[in-house]
Structures are given as structure tokens and as C-alpha cells.
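Note sheet for the following structure.
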Amino acid sequence: MTWGRMKNKLLLVVFAISILASAQKHTYGIYFPDGDRESKCNAFNKVFKQKPQQVRFGITIEDDNLYFEVNNKNWYKALFKNEDDGIAVDIVERDRYSCDKELTHSQIRGVLLPPIYEMNKPGKLKEVKRNKFRVFIRKIPSNLVDKNIEFNLLFLHKKTFCKYFTIYNLEKYPRGLLDMGVFLDTITYKNRKIAPRKLNSVTRHKKLTFSIPFEKDKSEYKPEDIRPLYDSLRLTDYDIKKINIKAYASVEGSFEHNAMLQFKRAKSIAGSLQSFQQPSIKTDISTSENWVEFLNDIKKTKHKKLTKLSKNKVKAKLINEYAISLEPILRKHRKAVVVLSLEKKDEYKNTHVNELITLFNKAIKQESLTKACSIQNSILDRVSRKFSLSLLQKMKIPKTKKFINLLAKNAIFKYFMDVRQTLRVEKKLLELKKLDPNNKHILYNLTVLKFIIWKNKARQIDRKKFKSQILNLKKVGVSQELIDKMIVNYHIIKAEEDIRKNNIQGRNSSVEFVMNSYKKLPLSDFDYLNLAQFLTYNSNIYDAIDAVEDKVSEVTVDEDLLFYYLNLTITKEELIHTDAYKAILLNAVNMNKKRFCKLYNSALNKGVTFQLLEDDNLRAMYCESCSK
């Protein structure tokens with residue numbers, strides 16, 4: 001071999017060693033397994049998979065210092081059992097995901113900080129408060145302090161890279177109960193999003209929803225077009241307090257043309273409804289293209305390949321003969337969904353509140369209960385809008401059985417307006433119960449209040465006696481539907497109480513009951529939101545997803561329920577690559593584009609994480625919808 005050839009070979013070896021040394025320096029000696037990850041990480045994976053559901057961990061930042069934080073010391077010790085078990089932090093910059101750049105996928109997404117080991121060394125894990133422990137990692141490099149950055153964790157077992165963990169900031173929602181409402185004259189729900197399913201002539205508030213189809217390119221409606229619907233719903237007994245109109249265009253044609261057409265349609269409907277009532281009615285109008293129903297309908301046809309295309313590419317296809325061939329599908333998507341918030345007409349609405357009190361007390365003296373009830377409703381309406389609850393003290397109602405319903409309504413109304421009144425209202429209703437022991441409204445409302453007391457741990461509740469109290473409501477005429485809903489709520493609170501007492505078997509039994517029961521109940525979107533939160537916390541995320549996935553596929557789904565579903569699912573790769581999920585994402589964009597785009601903010605800036613953009617599907621949706 002000549003010296004020249006030997007020299008070239010030597011240089012090549014030196015160069016290779018140099019690269020290897022550089023890589024070792026960059027990754028700090030961490031071993032990145034190729035085909036042997038399972039064998040190298042088996043012990044780590046076993047402990048990680050056995051993580052109790054209530055264990056939480058993440059990264060905390062204080063004065064540019066990074067800390068690994070965990071709420072369970074025992075799990076931490078089991079995970080970092082060896083002296084060369086540890087963690088490293090990958091600092092990722094937002095600029096990596098700019099829509100005008102080509103994204104290169106890599107195992108390390110940003111700047112890798114030196115790892116830390118000996119996690120179980122005495123004094124390393126410090127308790128900062130009860131059930132909150134932390135380990136100092138590193139200081140953020142000075143050149144990254146002012147950047148838009150996030151922090152991912154590398155879990156290391158015997159210096160082997162075993163798990164890459166992205167820190168998500170999933171929005172937290174307060175867990176509640178299925179809304180049971182309270183009896184005023186009839187069942188009235190505290191959550192205004194819940195509409196009674198049955199139209200009852202004595203119900204003071206109603207929500208009516210109906211859909212109006214549109215012909216292609218037609219926007220004008222006349223009052224007589226809606227009059228039959230108006231009359232058939234007996235709106236003559238009600239005033240329209242608010243109109244909410246969501247106008248949908250089919251997806252073909254330019255967005256600008258569709259937006260203009262939708263708005264004209266919505267204004268036309270609003271004008272038709274306004275003509276029946278003076279003064280003008282508060283109206284909210286929103287418009288969007290109906291991508292949800294288009295994608296859901298098209299996947300059942302020979303044109304299902306369209307579901308794989310971007311919105312712009314779909315629009316480019318939907319021209320001329322192709323659009324004509326799809327017209328039987330598209331015509332179903334042109335419509336307006338109208339929600340009317342109604343309030344029973346108040347003959348005393350122009351009467352001064354002081355005069356109302358005088359008229360009410362006079363009706364009581366005359367024992368004119370029907371008139372007194374009507375005036376009472378008008379007074380309660382004033383209190384709900386602008387007057388203090390103290391106004392009710394001026395209503396002079398004798399404490400006798402004859403006036404029991406008026407007394408009970410005033411009492412429960414105080415809870416309805418202010419949950420802090422719960423204990424006082426309960427005491428008042430218990431006094432009234434003595435006058436009329438079998439009064440359905442009083443017994444039902446007392447049961448509702450006991451749920452609130454139990455959930456907020458304001459008093460110890462005998463669970464066995466309380467369950468009997470719920471079931472006994474059947475004897476006084478409370479519907480089985482309301483009782484069934486209460487029993488589900490009973491198990492929701494019982495499960496939470498059992499987990500606090502470490503009664504896992506009791507908690508699991510209640511979770512199973514809720515899982516087996518909720519499908520039999522008529523639930524609002526508000527109820528589904530609370531149900532999903534319960535299942536997320538007490539069962540698993542996939543049970544929560546199953547519970548609400550049909551609801552979120554509807555174009556009229558409640559916004560909070562839709563975004564809670566995204567909160568549960570947007571980090572689940574097996575879901576986000578489906579055609580159905582694409583429709584749900586587009587529904588969120590159409591419903592609240594700003595809220596949708598905010599999901600992609602940094603986890604430190606009230607987003608889920610900008611690393612959602614690591615996924616090609618989510619990146620395409622973001623860049624098409626949010627980057628303009």
C-alpha cells in the first residue's frame with residue numbers, strides 16, 4: 001500500500017473518530033438504541049406503565065432554573081432505581097415549526113442539555129410542599145432565555161434513552177354533576193345551555209332549535225316563510241329574548257362568496273323573526289362553511305378520496321360538472337340552525353318593582369294564588385337581572401300550607417341565584433316540609449341541595465340513607481328520568497369520595513355503574529362535558545372519548561364540549577390521522593378559529609404545545625387555518 005493511500009485511509013479514520021467524538025459530546029454519552037430498545041428498557045417500561053393514574057410529573061421553571069417535579073415519591077424512587085438512571089431535557093424552539101419551512105423530523109428536536117443521574121442520591125429530591133417534590137435539572141442557556149421555547153424530557157435507564165416525553169398543557173375544567181335542575185314552577189336548569197325536552201305551557205324559559213334549508217345562492221326570506229313554524233310552536237305566549245343563528249354554506253365556491261351569502265341568509269331570518277315582536281331582539285349571528293357534514297357524508301360515497309385533500313384542493317375539484325354531480329349531497333349542507341331563547345310573556349314587565357311588591361302582597365291577602373304566582377315570577381325575574389335577593393323579604397307570605405309553593409319557590413330561588421345560600425335554603429325548606437311532608441317540589445329540591453352539600457364536603461352524608469331518599473322520590477310523583485339522573489350523580493360523588501378513602505373497589509363499582517347507565521339518559525352537551533371529565537379522572541381517557549365522540553361529530557355541538565374533546569384527543573396519534581377527526585378539527589376551526597389556533601401556542605403560553613406541529617396532519621390544518 002502506498003503512503004498516499006495509507007494517508008487517505010488514516011485521514012478517513014481520523015475523520016470518522018472526530019464525528020463520533022462530536023456526536024458523543026452532543027449527546028453526552030447517552031445510548032440511543034436501535035433494534036434493542038425493548039431489551040434495554042424493559043425494566044424502565046414496566047415501572048412507567050404501572051404509574052398510578054393520580055401520579056403527575058413535569059417541568060417547573062423558576063428564575064430560568066429547570067426542575068423535574070413529581071407528586072409521588074415512591075413511584076419516583078422505583079423509576080430511578082439505579083445510579084445511572086436519569087433524565088435529560090430537550091429545549092425546542094417555536095421557529096422549528098414555521099409554516100414556510102420544511103420540517104425535518106428528528107429524535108432530538110432542539111438543544112439537548114447534559115443529563116442528570118443519581119436521582120435517588122440523598123438530598124437530591126426535595127419536598128417543596130405536601131406531596132410535591134422536585135429535582136434541580138439545569139439552568140436555561142442564556143441564548144434561549146428570551147426565545148419561544150418548550151421543554152421535553154428524555155427518560156434514561158442505565159444511560160440508555162428509553163422514552164421521549166413531550167410536556168402538554170391540557171386545559172383543566174372544574175368537574176361537576178349532571179344538571180338536575182330545581183323545581184320552581186317546573187324543572188328549571190341552572191345551566192342556561194340546557195333546554196327542556198318537552199314544551200310545557202307553564203315553563204317560564206324555553207329554548208327552541210330548528211333548521212331552515214336554503215336553495216343554492218338564495219338568501220332572502222319573508223316573514224310568511226317562517227310564520228307557520230312560529231304559530232305551530234305557540235310563540236304567542238312567549239317573547240323572544242335572544243336569537244342565535246348559525247348559517248352554513250356548502251363548501252363549493254370561494255370562501256368570500258360563501259361568507260357573504262351566509263350572512264345575508266342569517267340577516268334575512270333574523271329580520272323575519274324581528275317582524276313579529278317589538279322592540280328589536282338581541283341577535284347573534286355566526287357563519288361558516290359546512291365542512292363537517294360534507295366530510296361525514298362524502299366518505300360514504302365513491303368520492304371519499306376528497307376527504308384526503310386540503311380545503312383548497314377540494315374547492316378546486318368542486319367546479320362545473322363535478323359539483324353538479326355532488327349537488328344531492330351539497331344541498332343538504334346549506335341551512336341555518338336557529339336557536340330561540342324564549343321567556344313567557346310578563347304582563348307586569350312595565351310595572352315598577354315597588355308596585356309589584358304591593359300588588360303581590362294584595363293578591364296574597366285576597367288569596368288569589370294564580371295572580372300571586374304570576375306577580376312572583378315577575379319579581380324573581382327582576383331580581384335575577386338587577387335587584388338584590390333582599391327584595392324577597394318584602395314579600396309577605398303566610399307560613400301556611402296554602403301558600404307552600406310560593407314560599408318554596410322564593411326559598412329555592414336563593415340557591416338558584418347563589419350556591420353559597422345552599423345551607424340556609426336547606427334549613428328553610430326543611431321547615432316548609434313540616435307543613436307539607438309529601439310536597440314533590442320541596443322533597444326534590446331538598447335532594448338537590450344535599451348533592452351540593454355532599455359534593456362540597458360541607459357536611460357528612462349517610463350514603464345509604466341518601467340513596468333511599470333519592471329512590472323514595474318516586475312515591476311523590478318525581479319522574480323516573482330525574483331519579484335515574486340523580487342516581488348517576490350519586491355514584492359520581494361516591495366514586496370521588498371512595499378514591500379519597502382509598503376504597504378502590506368502591507370507586508370502581510361506581511364508575512362501572514355510571515358507564516352502564518349514562519346511555520339510557522337524555523343528556524345535554526353540558527351533561528356530556530361533566531360526564532367526560534368524570535370518566536377522564538376516574539376511568540380512562542378512552543372511555544371519556546367513547547362517551548362524547550358521536551356528539552362532537554355534529555355541526556351543532558356545544559363549543560366547550562367540542563374543545564374538551566380536542567383536549568382529550570389531540571395528542572393521540574391513532575385518532576388524529578382519521579377522516580372523522582379531520583371533520584372534527586374543521587368543526588372547531590369554523591366554530592372558534594381563535595380558540596382553535598391557540599391550542600398550538602406554547603405550553604407556557606396557555607396552549608397545548610406548539611409541538612402539535614410535529615404531526616403532519618395537525619401541521620397542515622394549522623398552516624391552512626391559522627398562519628394567514
Handout entry: Mean Cβ neighbour count within 10 Å, used as a protection proxy, ranking 157-163, 138-144 highest first
Key = 157-163, 138-144
Exercise for the section: DSSP loop (so not H, G, I, E, B), at most 14 other Cβ within 10 Å: list which chymotrypsin sites (Phe, Trp or Tyr not before Pro) in the stretch 365-466 pass both filters. Expected result: F387
Fill in the blank from the handout: Cα-Cα longer than 18 Å, checked against K433/K475; K362/K396; K344/K485, kept in input order, equals K344/K485
Practice task
Mind checking which aspartates and glutamates have their Cα closer than 16 Å to the Cα of K434? Skip sequence neighbours fewer than 8 apart in that chain.
Solution key: E426
Handout entry: Mean separation of Cα contacts under 8 Å, 6 or more apart, over the residue count of the stretch 31-166: relative contact order %
Key = 34 percent
Fill in the blank from the handout: The rounded separation in angstrom of the Cα centers of the stretch 424-475 and the stretch 56-103 is 49 Å
Exercise for the section: Net charge near A43: determine it from the other residues with C-beta under 10 Å of the C-beta of A43, scoring Lys and Arg +1 and Asp and Glu -1. Expected result: +3
Handout entry: Cα-Cα over 32 Å, subset of K51/K494; K158/K501; K207/K519; K172/K450; K158/K606; K264/K598
Key = K158/K501; K158/K606
Exercise for the section: Excluding residues fewer than 8 places away in the same chain, name every one of the lysines whose C-alpha is closer than 21 Å to that of K299. Expected result: K308, K311, K313, K315, K317, K332, K335, K551, K582
Exercise for the section: Using packing as a proxy for protection, rank 148-155, 96-103 so that the peptide with the highest average count of other Cβ atoms within 10 Å comes first. Expected result: 148-155, 96-103
Handout entry: √(5λ) per eigenvalue of the Cα gyration tensor, the stretch 488-607, largest first, Å
Key = 28, 16, 12
Practice task
Report the local net charge at A580: Lys and Arg +1, Asp and Glu -1, summed over other residues whose C-beta lies under 11 Å from its C-beta.
Solution key: -1
Practice task
Compute the normalised compactness of the chain: alpha-carbon radius of gyration over 2.2 N^0.38 Å, N being the residue count.
Solution key: 1.22
Completion exercise
Yeah, the stretch 475-554 with a ≥ b ≥ c from its alpha-carbon gyration tensor (a/c under 1.5 is rounded, else prolate when a/b outruns b/c, oblate otherwise) is oblate
Problem - Mean ellipticity per residue at 222 nm, deg cm²/dmol - from DSSP H runs of n ≥ 4 across the chain, formula -39500 (n - 2.57) - result: -14000 deg cm²/dmol
Fill in the blank from the handout: Note on the stretch 540-628: the mean projected area of its alpha-carbon convex hull, in nm², is 5.6 nm²
Problem - Length-normalised contact order for the chain - Cα pairs under 8 Å, 6+ apart - percent - result: 13 percent
Problem - Cβ-based net charge around T60, under 9 Å, with every Lys or Arg adding one and every Asp or Glu removing one - result: -1
Handout entry: Neighbour-count order for C597, C41, fewest beta carbons within 10 angstrom listed first
Key = C597, C41
Handout entry: Lone cysteines, the chain (no partner Cβ under 4.7 Å)
Key = C373
Practice task
Just tell me which aspartates and glutamates come within less than 13 Å, Cα to Cα, of K594; anything on the same chain fewer than 8 places away is out.
Solution key: E559
Handout entry: Per-peptide average of other Cβ atoms within 10 Å, ordering 554-560, 572-578, 56-62 highest first
Key = 554-560, 56-62, 572-578
Practice task
Rounded, prolate or oblate: pick one for the stretch 31-166, where a ≥ b ≥ c are the square roots of the eigenvalues of its C-alpha gyration tensor, a/c under 1.5 means rounded, and failing that, prolate if a/b is larger than b/c, else oblate.
Solution key: oblate
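Values quoted throughout were computed directly from the atomic coordinates according to the rules given, and no laboratory measurement underlies them. Source: prediction; values computed, not measured. As a convention, Cβ positions derive from the backbone with ideal geometry for all residues, glycine included, and neighbour counts pool all protein chains shown.
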